[in-house]
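The values are calculated or read from the model by the stated rules, or taken from the named source; none is laboratory data. This structure is a prediction, so every number in the text was calculated from the model and none was measured. Positions of Cβ are backbone-derived with ideal geometry, glycine not excepted, and every protein chain shown enters the neighbour counts. The protein model used for the area step is the full one, side chains on, heavy atoms only, and it has no ligands, DNA or RNA in it. Shrake-Rupley method; radii C 1.70, N 1.55, O 1.52, S 1.80 Å.
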Amino acid sequence: MRKLPPKYLIAALIIAAVAAAVGLYHRYGSNTRVAFVNYPEYLLAPLMNQELNPAIEATPLRWTETSGEELKNYDMIIFFGMGLNFTEKQQQLLAALKKPLYVTASTRTETALNTLTGRQREEIAAYLGNGGKENFRRMLDYIRYEVDGKRLRAARPQPPKKIERHPFFHISEDDAFKISGVSGLVQKDRPLQGECRDRLPALRQRRRRAGRADRRA
């Protein structure tokens, strides 16, 4: 058998090495594409309005009766379940997709899909359940690192940040304000913030007027 000249052997080795490097990069270093499907813009837009890992592409997708084929281009798919419907064709497509998929806020059994492991589902649910920009960013890092399995261009993800929620501060029976991002109970010596603080004088005046009207009655 005729031996290959050394230059051809070296060229073959270089081509094999390049092909292996490209394959490794695609598996561990290429971008992670996450589809957020059927999400209302008012929910998703504020969360995406921040600096995210450039190796992660978060893309909102509309969902109609003709949607489905485009999901093949994504590494992780998260559906917003409220108002979500699947046609028979879409159900078949999703069953054959073989992609990490999770439906949040599902209101129907037939749309409550999940192909994540038990641990992954718990973590994703915790990120989404606690909400906020920071948890959204942490969730994307978790998806790249743990779900997509890409460790290049990826920091080790932080766990979900638990957010204390005390949604209502009551001035009177008729006046209540939602306070976002408040940790701990509202205390007497803690100054009110934002809308509560701005409207407090008007509420006090309304309460005094109501008291005077009660006394006249």
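Quick notes on this structure:
- Potential lengthening between Asn73 and Lys89 on full extension [0.36 nm per residue; Cα-Cα distance subtracted]: 3.9 nm
- Globularity index of segment 98-155 is 1.17 (Cα radius of gyration / 2.2 N^0.38 Å, N = number of residues).
- For segment 27-67, carbon and sulfur atoms together expose 51% of the accessible surface, with a 1.4 angstrom probe and every protein chain in place.
- Per residue, the average separation of C-alpha pairs within less than 8 Å and at least 6 apart gives segment 53-119 a relative contact order of 31 percent.
- Protection proxy ranking for 69-76, 29-36, 108-115, 140-147, using the average of other Cβ atoms within 10 Å per residue and placing the highest first: 140-147, 29-36, 69-76, 108-115.
- Protection proxy ranking of 41-53, 91-103, 127-139 - average other beta-carbon atoms within 10 Å, highest first: 127-139, 91-103, 41-53
- Taking 0.36 nm per residue of sequence separation and removing the Cα-Cα distance, the Glu57/Lys161 pair yields an extension gain of 35.2 nm.
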